[in-house]
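Only one structure is covered here, and it is reproduced in the block below.
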Amino acid sequence: MNKTGVLRVVTVIMLLALISAAFADSRNPFVEVVKAIRGSVVNIQVEYETSVGSINGFPMQDDFFKFFFPQPQRQAPSRKARAMGTGFIFKREGNSVYIITNNHVVEKGKEEGAEITVALEDKEEYSAEIVGLDSDSDLAVIKIEIKDDEWVTIAPLGESANLEVGQWAIAIGNPFGAELNRTVTVGVISALGRSNFNFGGSGGPLYQNYIQTDAAINRGNSGGPLVSIDGEVIGVNAAISTPNQGNVGIGFAIPVDMVKSVVNDLMQHGEVVRAYLGILPQDITPDLRRSLDLENVSGVLIAKVEDDTPASEAKMEQGDVIIKFNGQDIPDVARFRIVVAESEIGEKVPVEVIRKQKHKTLEVKLIKRPDNLAVNNGATSEVNWLGLKVESVNSEAAEKLNIKEDKGVVITAIEKGSAADDSELQVGDVILEINFETVEDVEEFKKIQKSVNESGKDVILFQVKSTSGQYHYVAVNK
């Protein structure tokens, strides 16, 4: 046999040896990762008062995108509900153990009489308290006090900035409740930077930058970790895309870099401190690109500059297109919101804009974002008055509803079991007046809402234009 033949035989033998070694240890590559992380995953139960027809305060509708809402077990007639979700331990200080989960899993736990119970790996149960909630990112931190000799597994937090599509992803959680706790599924990262979702009619979190994965995840997985092949948490499972309430291979997780930033603020301040600019941003569509004579659809269009804000102080103008903020490229509104929110407060930052086809650099000094600022999609009122969610008549939601009005607000959602749900108001109605006061836009809607609440009136009169084009008044009992 010549040298070439010998070399081929040696090569084949080596390959067979490698393959044999790989199959000899069938645990690789996931078993060791799961062993190290699985014990950190906890089961969370929240018992709270509820109204019939809603889960965790959100109506159960057949929307395509949904949060991982666990099924509550209602106990009539007291209207008690028990919901289950997932969390994972990320820190221990003495006997205090801190757990990351989703805001929508535990937010009902802040209500009077509500109880949050956490079950550890050994099934030992502890009463939990809320450290901090952040609905804008859908993240929360809760805390339990354990015994001196209780051992807990702590999940290491990794990084998500350099994730790539195709990487392994391991999801661990409690689908459908405690009976299937700490279920492990494996898949890959199938997309990055997903955003602009309206989950379950609730509007969804303001800050969206989701990791998409095909690792099988289902209702009840909310708050569970998405783990890399290196054994580090790269995301917090938060939502699914499904037409049938079950897994169809499209799940979403909050990237861990965002998680670490939010959790740090919640631990230190009990709230998230974010920077504020003061504009109404709008995505660049192909039609807008052509009309504005832009080179591409990247950037955000300033639809409105709010008075007495950092944006107005910096001389930003309606119609400007922001393409860079503090040196970072701005592809769309979703990324823009995150970049602004994470910027330094009180520091001047450069903002590159296109104004009438000319590039211009402005300097803006950001302030702390005001509390309870309603800026979701720039034009949304929270579902906190009579069960109504409204948006401006020139919003994307209004466009989808084929609204042609130039003033007023359009009803985009009505909470089931609410005062509005008991009235003749319908999604798609345009509210023109409230108690004979003209509603020009969302801001005016909120001002009238405050005035009506202060008046103490029990019946509120709405003038609306229905989807059929009919003008009529609707009385709503508070």
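The values are calculated or read from the model by the stated rules, or taken from the named source; none is laboratory data. Just so we're clear, the structure is a prediction, and the values are computed from it rather than from any experiment. Neighbour counts are summed over all protein chains in view; Cβ atoms, including those assigned to glycine, are modelled from backbone coordinates with ideal geometry.
What the table shows:
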{"read-out": "Single match in Val410, Val427 (criterion: part of a strand (DSSP E or B), in contact with a strand residue (DSSP E or B) (Cβ under 9 Å, 6 or more places away or on another chain) and modelled with pLDDT of 85 or more)", "value": "Val410"}
{"read-out": "Matching residues in the stretch 148-160 - criterion: being at pLDDT below 90 and more than 19 Å from Gly87 (Cβ to Cβ)", "value": "Asp148, Asp149"}
{"read-out": "Filtered residue count, the stretch 108-135, keeping only those that are among the acidic types (Asp, Glu), over 23 Å from Ile234 (Cα atoms) and touching a Ser or Thr at 6+ places or on another chain (Cβ under 8 Å)", "value": "2"}
{"read-out": "Phe462 vs. criteria free of Cβ contacts under 8 Å to residues at least 60 places away in the same chain, loosely packed, with under 12 Cβ neighbours inside 10 Å and among the aromatic types (Phe, Trp, Tyr)", "value": "no"}
{"read-out": "Residue that is farthest from the chain's Cα centre (by Cα), among those in the stretch 421-431 that are acidic (Asp, Glu) and exposed (fewer than 15 other Cβ atoms within 10 Å of the Cβ)", "value": "Glu424"}
{"read-out": "Tally, over the stretch 449-459, of residues that are modelled with pLDDT of 85 or more and either buried (at least 19 other Cβ atoms within 10 Å of the Cβ) or on the phi > 0 side of the Ramachandran plot (or both)", "value": "1"}
{"read-out": "Residues of the stretch 369-387 classified as at pLDDT 85 or above and either outside the structural domain of Glu444 (by TED's automatic domain parsing) or touching a helix residue (DSSP H, G or I) at 6+ places or on another chain (Cβ under 9 Å) (or both), total", "value": "2"}
{"read-out": "Residues of the stretch 281-298 classified as within 22 Å of the chain's Cα centre (by Cα) and within 20 Å of Glu342 (Cβ to Cβ), total", "value": "2"}
{"read-out": "Segments classed as strands (runs of 3 or more DSSP E), wholly inside the stretch 261-368, with at least 3 members that are crowded, with 17+ Cβ neighbours inside 10 Å", "value": "279-283, 300-305, 321-325, 348-355"}
{"read-out": "Qualifying residue in the stretch 323-338 (condition: modelled with pLDDT under 90, at negative phi and over 22 Å from the mean Cα position of the chain (by Cα))", "value": "no"}
{"read-out": "Residue satisfying all of: in the stretch 136-149; in contact (Cβ under 8 Å) with a residue 40 or more places away in the chain and more than 21 Å from the chain's Cα centre (by Cα); nearest to Val236 (Cα to Cα) among these", "value": "Lys143"}
{"read-out": "Subset of the stretch 432-478 (residues that are within 28 Å of the chain's Cα centre (by Cα) and of a type in the set (A, V, I, L, M))", "value": "Val442"}
{"read-out": "So Val476, is it at pLDDT 80 or above, at negative phi and touching a Leu at 6+ places or on another chain (Cβ under 8 Å)", "value": "yes"}
{"read-out": "Selection status of Gly187, modelled with pLDDT of 80 or more, more than 19 Å from the chain's Cα centre (by Cα) and over 27 Å from Lys389 (Cα atoms)", "value": "yes"}
{"read-out": "Residue among Lys108, Lys123 that is among the basic types (Lys, Arg) and buried (at least 20 other Cβ atoms within 10 Å of the Cβ)", "value": "Lys108"}
{"read-out": "Close pairs from the stretch 34-47: first under 13 Å from Arg82 (Cα atoms), partner of a type in the set (Lys, Arg), Cβ under 7 Å, at least 6 apart", "value": "Gln45/Arg82; Val46/Lys108; Glu47/Lys80; Glu47/Arg82"}
{"read-out": "Flag if Gly235 is touching a Pro at 6+ places or on another chain (Cβ under 8 Å) and in a strand (DSSP E or B)", "value": "yes"}
